[in-house]
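Asker: This is the structure I have questions about; it appears just below.
The values are calculated or read from the model by the stated rules, or taken from the named source; none is laboratory data. Just so we're clear, the structure is a prediction, and the values are computed from it rather than from any experiment. With ideal geometry, Cβ positions are generated from the backbone for all residues, glycine too; neighbour counts draw on all protein chains shown. In case anyone asks, the SASA skips ligands and DNA or RNA and just uses the protein heavy atoms, side chains included. Shrake-Rupley method; radii C 1.70, N 1.55, O 1.52, S 1.80 Å.
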Amino acid sequence: QVLLVESGGGLVQAGGSLRLSCAASGHTYDMAWFRQAPGKEREYVAFIRWSGASTHYADSVKGRFTISRDNSKNTMYLQMNSLKLEDTAVYYCAAGTVLNPPNPNQYDWWGQGTQVTVSS
């Protein structure tokens, strides 16, 4: 019973920044960002607990990306800095009650995705 809508994707040069948003409806859940490039499996990016009290990141984005949420606005964010060509993908937000954040099967609801393209 959760609707998720991503926004904020676009085209950015390597080294630049982008901020993604995921607007959620319904109850507050654990949430995460995943991404998928053409021909590749869906890849875990970052996780935030329902309360915002804890976060977790994939090694590939540690130190560059920051996940946050504003529960008063029912919105989760992904601040992406120092973007690399390898960050190019469709980015998806997901929600659920989660024990193992990197496992996509842990999530019950998914957004439609937003394209992030990093150019040289």
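Asker: Name the single residue, out of those in the range 85-120 being open to solvent by less than 30 Å² (accessible area, probe 1.4 Å), in contact with a Lys or Arg (Cβ under 7 Å, 6 or more places away or on another chain) and touching a residue at least 60 places away in the same chain (Cβ under 8 Å), that is farthest from G39 (Cα to Cα).
Answerer: V118
Asker: Still on this structure: Name the single residue, out of those in the range 58-69 being closer than 21 Å to A14 by Cα and more than 10 Å from the chain's Cα centre (by Cα), that is surrounded by the most Cβ atoms within 10 Å (Cβ to Cβ).
Answerer: Result: V61.
Asker: So in the range 12-37, with the set limited to residues that are more than 15 Å from Y91 (Cα to Cα) and either in contact (Cβ under 8 Å) with a residue 60 or more places away in the chain or in contact with a Lys or Arg (Cβ under 7 Å, 6 or more places away or on another chain) (or both), which one is most open to solvent (accessible area, probe 1.4 Å)?
Answerer: Looking at residues that are more than 15 Å from Y91 (Cα to Cα) and either in contact (Cβ under 8 Å) with a residue 60 or more places away in the chain or in contact with a Lys or Arg (Cβ under 7 Å, 6 or more places away or on another chain) (or both), I get Q13.
Asker: Another question about this same structure. Across the range 70-84, what is the number of residues that are loosely packed, with under 12 Cβ neighbours inside 10 Å and hydroxyl-bearing (S, T, Y)?
Answerer: So the count comes out to 1.
Asker: A follow-up question, please. Could you say whether any residue in the range 38-51 is open to solvent by less than 30 Å² (accessible area, probe 1.4 Å), under 14 Å from the mean Cα position of the chain (by Cα), within 16 Å of Q115 (Cα to Cα) and modelled with pLDDT of 95 or more?
Answerer: The answer is yes; a qualifying residue exists.
Asker: What do you reckon, is N103 on the phi < 0 side of the Ramachandran plot, out of contact with any Leu (no Cβ under 9 Å at 6 or more places or on another chain) and at pLDDT below 95?
Answerer: So N103 fails the test.
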